[in-house]
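Before any comments, here is the structure.
The values are calculated or read from the model by the stated rules, or taken from the named source; none is laboratory data. None of the values given here were measured: they were computed from a predicted structure. Note that each Cβ is placed from the backbone with ideal geometry, even for glycine, and that neighbours are counted across all protein chains shown. These area figures cover heavy atoms from the full protein model, side chains too; ligands, DNA and RNA do not enter into them. Shrake-Rupley method; radii C 1.70, N 1.55, O 1.52, S 1.80 Å.
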Amino acid sequence: MARVTIRGVAKRFGSTKVIHGVDIDIDDGQFAVLVGPSGCGKTTLLRMIAGLEEITEGEILIGERVVNRVQPKERDIAMVFQNYALYPHMTVRDNMSFALRLAHADRREIDERVKRAAEILGLGSLLDRYPRQLSGGQRQRVAMGRAIVRNPQVFLFDEPLSNLDAKLRVQMRTEIKELHQRLKTTSIYVTHDQIEAMTMADKIVVMRDGIVEQIGGPLELYDRPANTFVAGFIGSPAMNMLPGVARVKDGALQVEFADASTLPLPRGTATRDGQQVMYGIRPEHFAVNSGAGVKAEVVVVEPTGADTQLYCKYLDREITATVRDRTDCRPGDRITLAPDLARAHLFDAASGQRLAA
């Protein structure tokens, strides 16, 4: 196991800069997830850690060693790819042992490592099958088994679940997290799926356009997003954003909206009179028809069993409220949505940055 340190790392393809001076520290044994929309640079960054892309600027350290010019095979990492990358003419056993055989490892050691990995991943009965005889989930386990047998310092995962169906993705992300808890190997995982990031990570790195927007634990990012991008990207359904203006009313600052309705400032925030702001509130932090709030029209009612999603229209915005109990709301109803001031957020409209007291 090893700590991974990324210092001022940048990447250019010709004159185009796709990674802009990234700094990330991933502790020994930590499960870090790089998350962001397509094209944000997360896979390019992972490939630089793996040695599959050259680093234009900065340094990457694995443990205490700078690996900028170290060959991939000498970095003591193992990578699990999106497309599994299994050899179709080899059995599961041979796929898992291939790297060790190339390294001329002792035959007994190879057998022991393959057996251990197969037991961990439930592949014991499949060792003599070929990839074409396996399901997608089983192929992904073989790809992980091939990584495990190498006993690397760092695991790298490049969107390993994106080719699986929804049910299998849920199962496999649980298995990967359980695997990490058992092996305690430093792991870096790339995904565009914020649900995967929230459920699997010890540390989340949110990226956009080659820049790190925020780094922190899943609940830290969920409860205290640094800006409107993180607030909108982390969480499903996404945080509601209502544009308004800070106004002094009755001697206190409030947020005024286009229909002249107002809401008190969220707790722990600060602004100035006349500042253009975005009032952020997560769907589950609205109270319906209870207390002072904004008047919205129900457009769609979507029961899911455990709760009900109310998709509403407020001014020219769509906003969502999550009701944890049954509700008698119907499309066309006018309802009041009152935010929990302890859990609401305020952002500067121009910069998108969080406004904290």
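Check ALA338 against each of (1) more than 28 Å from GLU220 (Cα to Cα); (2) touching a residue at least 24 places away in the same chain (Cβ under 8 Å) and name the one condition it does not meet. Failing condition for ALA338: (1). Inspection of the stretch 179-195 finds no residue satisfying the criterion of being open to solvent by 10 Å² or more (accessible area, probe 1.4 Å) and farther than 17 Å from ALA32 by Cα. Listed by first and then second residue, the pairs with beta-carbon distance under 7 Å, at least 6 apart or on different chains, first residue in the stretch 287-304 and over 16 Å from SER261 (Cβ atoms), second in a strand (DSSP E or B) and polar (S, T, N, Q), are VAL301/THR308; GLU302/THR308; GLU302/GLN309. What do you reckon, is GLU220 of a type outside the set (Phe, Trp, Tyr), in a helix (DSSP H, G or I) and touching a Ser or Thr at 6+ places or on another chain (Cβ under 6 Å)? So GLU220 fails the test.
Considering each of VAL248, VAL230 in turn, give the residue that is at negative phi and in a strand (DSSP E or B).
Details: VAL230 fails: in a strand (DSSP E or B).
Exactly one residue qualifies, and that residue is VAL248.
Within the stretch 316-348, the set of residues being open to solvent by 50 Å² or more (accessible area, probe 1.4 Å) and in a loop (DSSP other than H, G, I, E, B) comprises ASP316, ARG324, ASP325, ARG326, ASP328, ARG330, PRO331, ASP333, ASP340, ALA342, ARG343.
Output the residues belonging to the stretch 284-307 that are part of a strand (DSSP E or B) and open to solvent by 50 Å² or more (accessible area, probe 1.4 Å).
Of the residues in the stretch 284-307, the ones part of a strand (DSSP E or B) are 286-288, 294-303.
Result: LYS295, GLU297, VAL299, VAL300, GLU302, PRO303.
Listed by first and then second residue, the pairs with beta-carbon distance under 6 Å, at least 6 apart or on different chains, first residue in the stretch 252-268 and under 21 Å from ALA356 (Cβ atoms), second among the hydroxyl-bearing types (Ser, Thr, Tyr) and open to solvent by less than 50 Å² (accessible area, probe 1.4 Å), are GLN254/THR262; VAL255/TYR279; GLU256/THR262.
Each row is one residue, and each column tells you yes or no for (1) at pLDDT 95 or above; (2) farther than 30 Å from ASP165 by Cα.
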residue	(1), (2)
LYS11	yes, yes
GLY39	no, no
GLU64	no, yes
GLU112	no, yes
ILE120	no, no
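Would the stretch 57-76 turn up any residue that is in contact (Cβ under 8 Å) with a residue 60 or more places away in the chain, over 18 Å from GLY145 (Cβ atoms) and out of contact with any strand residue (DSSP E or B) (no Cβ under 8 Å at 6 or more places or on another chain)? Yes - at least one qualifying residue is present in the stretch 57-76. Scanning the stretch 132-147 for residues that are open to solvent by 10 Å² or more (accessible area, probe 1.4 Å) and in contact with a helix residue (DSSP H, G or I) (Cβ under 9 Å, 6 or more places away or on another chain) gives GLN133, LEU134, SER135, GLY136, GLN138, ARG139, ARG141, ARG146.
Does GLN276 fit the bill of being surrounded by fewer than 17 Cβ atoms within 10 Å (Cβ to Cβ), under 25 Å from the mean Cα position of the chain (by Cα) and at pLDDT 95 or above? Judged against the criteria, GLN276 is not a match. Residues that are in contact (Cβ under 8 Å) with a residue 40 or more places away in the chain and among the β-branched types (Val, Ile, Thr) within the stretch 165-181 are absent altogether.
Within the stretch 196-218, can you find the residues that are open to solvent by 60 Å² or more (accessible area, probe 1.4 Å) and farther than 14 Å from LYS42 by Cα? If the condition is that a residue be open to solvent by 60 Å² or more (accessible area, probe 1.4 Å) and farther than 14 Å from LYS42 by Cα, then THR199, ASP202 are the ones that fit.
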